[in-house]
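Before any comments, here is the structure.
The values are calculated or read from the model by the stated rules, or taken from the named source; none is laboratory data. Remember, it's a predicted structure, so these values are computed and weren't measured experimentally. All Cβ positions, glycine included, derive from the backbone under ideal geometry; neighbour counts span all protein chains shown.
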There are 4 protein chains.
Amino acid sequence: MPAKKQLGQRAQRKAQRPQEILEAAFEEFVESGYVATRIEDIAKRIGVTKGTIYFYFETKERLFEEMIRHISVPFSDISANAKNLSGTYSERIRMFIRLLYDRIIMDRNTRELLRFVITEGSRFPQVVDRHHEEFIVPFKAAARDILEAGVAAGEFRNAPAIKIPDAAIGATMMLCVWQMLFADRKPQDVEAFFEAHVDVILNGLIARD
Amino acid sequence: MPAKKQLGQRAQRKAQRPQEILEAAFEEFVESGYVATRIEDIAKRIGVTKGTIYFYFETKERLFEEMIRHISVPFSDISANAKNLSGTYSERIRMFIRLLYDRIIMDRNTRELLRFVITEGSRFPQVVDRHHEEFIVPFKAAARDILEAGVAAGEFRNAPAIKIPDAAIGATMMLCVWQMLFADRKPQDVEAFFEAHVDVILNGLIARD
Amino acid sequence: MPAKKQLGQRAQRKAQRPQEILEAAFEEFVESGYVATRIEDIAKRIGVTKGTIYFYFETKERLFEEMIRHISVPFSDISANAKNLSGTYSERIRMFIRLLYDRIIMDRNTRELLRFVITEGSRFPQVVDRHHEEFIVPFKAAARDILEAGVAAGEFRNAPAIKIPDAAIGATMMLCVWQMLFADRKPQDVEAFFEAHVDVILNGLIARD
Amino acid sequence: MPAKKQLGQRAQRKAQRPQEILEAAFEEFVESGYVATRIEDIAKRIGVTKGTIYFYFETKERLFEEMIRHISVPFSDISANAKNLSGTYSERIRMFIRLLYDRIIMDRNTRELLRFVITEGSRFPQVVDRHHEEFIVPFKAAARDILEAGVAAGEFRNAPAIKIPDAAIGATMMLCVWQMLFADRKPQDVEAFFEAHVDVILNGLIARD
DNA sequence: GATGAATGAGTCTTCATTCAT
DNA sequence: GATGAATGAAGACTCATTCAT
């Protein structure tokens, strides 16, 4: 049944089109930003023409929004993972920050998502809002949970940063921005940064009698 | 002497035009970004027409670059101030971070400058480069100077963050990005953040026997 | 088969568009010159809009150059024809000049091409250069060939104009310029001019013992 | 009386301004053509500003027309000279053509005037008309006068070119156009051309029994 | 489903012209 | 007389979007 197989491949192709487009859109939007990206460039990248894009997505705006949704894998897994962490609370914090680094610094999608939120936020306020709900809020909550449990267990002192966990964890953002700006020109030693960061804040949080 | 006064007004006006334009450009570029800002909007903001802008600035690109230069007040003053700090090294670090907050978080120009570096960096690589030279490098150097002196004085332990000061100080960037994104919708308590931040890292750096 | 016919029309249309545009461009450029011609006027002339022109031609400059190429039918045929002339050398010169008149005076494209070379030459030096290679050089060579053969055959005396054929044939240019300037207002009797021209120079070249 | 002298110089200056402007306009229009020449460039050339030009000339169009008038020295002198020629009619024709060469080929103003008539003629029809009246008509009349006198004197045969003198004299235009187009790239030997031209047509016109 | 020719609104940029000083 | 800041009409060019095939 070669005909059927052929048809199956074609159908498969079609079923993949939207994804293909979203991924091509991601690449182009990353390269040039929303305004400067042309629908035609996205089309070319997957070997189709403008019309095809418009068959699947109403407008450029819509395509951008869908693309954002497509690369957004909420932090819910971080929260979930955070709950499953074991060991001392210092170890848990270390692993939690590790998860953060793996997402924000190492995972290209998340990194660029953050960039989009910054660069196109004024054009797409819903994107900013969603990002807040799906990333920031769960992330803060998870961090606070661990920290408070650490305090309760007597492992951490009741520092003001317990209630404002980004004040402790936030250096991650510095590295992230550095990477965004100078990744190619001034490469950073991510591991060393991570170790230095964790070292300072754990020493800063640990309870001493 | 109405004639003289009138002349003075004219000359005065002329002398101020470039500044006026640069400031209007700043506001518009902040609002809409480089691409989406129209020269005409900038003109309207100060009650003139397109042509006037072009009388003072060759192209939109040039205007943007000059605007960036106009709002860029290098960190050199931070470095200078950093050298004049006195007191214990903990106090000095506290004051140094305070300077940072005052610039990056509180000063609108610096905050938006950072945003421009992020959002328009790919279109204006020179801007990114200049920013690196004039902001990042001096900032890191100043931070390291204080930290190393603190270690030499026996006040700080020789933590890995001494050599990578952004790992300690970087939470500032988190707040900065938060402000950039949610300043209006989700206001932050900057002072509390600052205190929590300083508290953690000073406790993390201090030498204990 | 209306569908097929329709398809054919479309494809046909598309295939003709570039030519259609080039011809409309020719008319407009002839009427107003390069600078004063608006792309939109060219478009209107064939009932399309600006965008369509830009779909086929990158820039106005490019369109002009292609238009020039499109109306340029090199003199190579004149050279070829010149070689096939027969009869006395006087007859051959007569026929050669006739070819010239047919091209430069009667053929609108060639006439306007020359005008473009004069009027837009400083903006399009390549056009001038190409014109020199494709028109002037072959033309002079062909003229000299006949004249020298005429001398060799003893039919023409060895006048200085044998080596500088434009000195004999050049009156054509006078008529051409007259036509360019006053064609409508002060019409010329081309045939009479031609006869007078040929009469003078043949009488001037003929060898008499 | 230094004050008076100064004033005199200034007044002199002012009196010369229009001429100065017209000459600067000539240079700029020659270089760039009517449309592409900017009033400001003309002003700069004589060290004044736009406003000054407009003080003396209503519009750019007007300035161009006046400039044309300024460089137009009618052929009336040629006609006058033509009447004063003496010697054989062959010698007179030779001298008449010499006058033509001196004007059309050697005199920059006349050469560029012809170019303007060709390039800007459609924008300035009055210029073309005036040129016809002041240059072409007297030139043809003068030529015909000599030729007819030569026939009457039995020196020239009654060739058709007697009534259509441009058919005999017109090679001048060929050289003129060559110079306009290739003056710099492919220099011509004007004297040789002149001799070849005169040689052919005199031999072509001379009466032989 | 896919194509790509066609549209037209939108923007930068230029420059003749004006006019207060 | 001269200046030059300001105006605004005009035109090249781009690109999201449409739609007949």
Within the stretch D:21-76, which helices (runs of 4 or more DSSP H) (wholly inside it) include 3 or more residues that are near DNA strand E (Cβ under 8 Å from one of its atoms) and more than 14 Å from every other protein chain (Cβ to nearest Cβ)? D:50-56
Restricting attention to the stretch C:22-79, report how many residues are on the phi > 0 side of the Ramachandran plot and either surrounded by fewer than 15 Cβ atoms within 10 Å (Cβ to Cβ) or of a type in the set (D, E, K, R) (or both). 1
Residue that is touching a residue at least 60 places away in the same chain (Cβ under 8 Å), over 24 Å from residue B:193 (Cα atoms), assigned to a helix (DSSP H, G or I) and not β-branched (Val, Ile, Thr), where the choices are A:116, A:135: A:116
Does the stretch A:63-82 include one or more residues that are near DNA strand F (Cβ under 8 Å from one of its atoms) and not acidic (Asp, Glu)? yes
For the structure I just gave you, tell me whether residue B:106 is within 11 Å of chain A (Cβ to nearest Cβ) and either over 26 Å from residue A:192 (Cβ atoms) or surrounded by 21 or more Cβ atoms within 10 Å (Cβ to Cβ) (or both). no
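Only one of A:161, A:141 is modelled with pLDDT of 95 or more and part of a helix (DSSP H, G or I); which?
On the way: A:141 fails: modelled with pLDDT of 95 or more.
The conditions single out A:161.
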Since residue D:176 meets every condition but one in (1) within 24 Å of residue C:121 (Cβ to Cβ); (2) at the interface with chain C (Cβ under 7 Å from one of its Cβ atoms), which condition does it not meet? (2)
Among the numbered criteria (1) among the small types (Gly, Ala, Ser); (2) in a loop (DSSP other than H, G, I, E, B); (3) touching a strand residue (DSSP E or B) at 6+ places or on another chain (Cβ under 8 Å), which single criterion is violated by residue A:154? (3)
For residues that are touching a Pro at 6+ places or on another chain (Cβ under 9 Å) and surrounded by fewer than 22 Cβ atoms within 10 Å (Cβ to Cβ), scanning just the stretch A:142-168, find the one that is nearest to the other protein chains (Cβ to nearest Cβ). A:144
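Could you identify the single residue in A:157, A:115, A:185, A:208 that is of a type in the set (Lys, Arg) and within 14 Å of residue B:177 (Cα to Cα)? Let's see the steps before the verdict.
On the way: A:157 fails: within 14 Å of residue B:177 (Cα to Cα); A:185 fails: within 14 Å of residue B:177 (Cα to Cα); A:208 fails: within 14 Å of residue B:177 (Cα to Cα).
Only one candidate passes the filter, namely A:115.
One line per residue, one yes/no per condition, for (1) facing chain D (nearest Cβ under 8 Å); (2) under 18 Å from the mean Cα position of the chain (by Cα); (3) surrounded by 16 or more Cβ atoms within 10 Å (Cβ to Cβ); (4) under 30 Å from residue D:208 (Cα atoms):
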site: C:110; (1), (2), (3), (4): no, yes, yes, no
site: C:119; (1), (2), (3), (4): yes, yes, yes, no
site: C:122; (1), (2), (3), (4): yes, no, no, no
site: C:128; (1), (2), (3), (4): yes, yes, yes, no
site: C:135; (1), (2), (3), (4): no, yes, yes, no
site: C:170; (1), (2), (3), (4): yes, yes, yes, yes
site: C:191; (1), (2), (3), (4): no, no, no, yes
site: C:199; (1), (2), (3), (4): yes, no, yes, yes
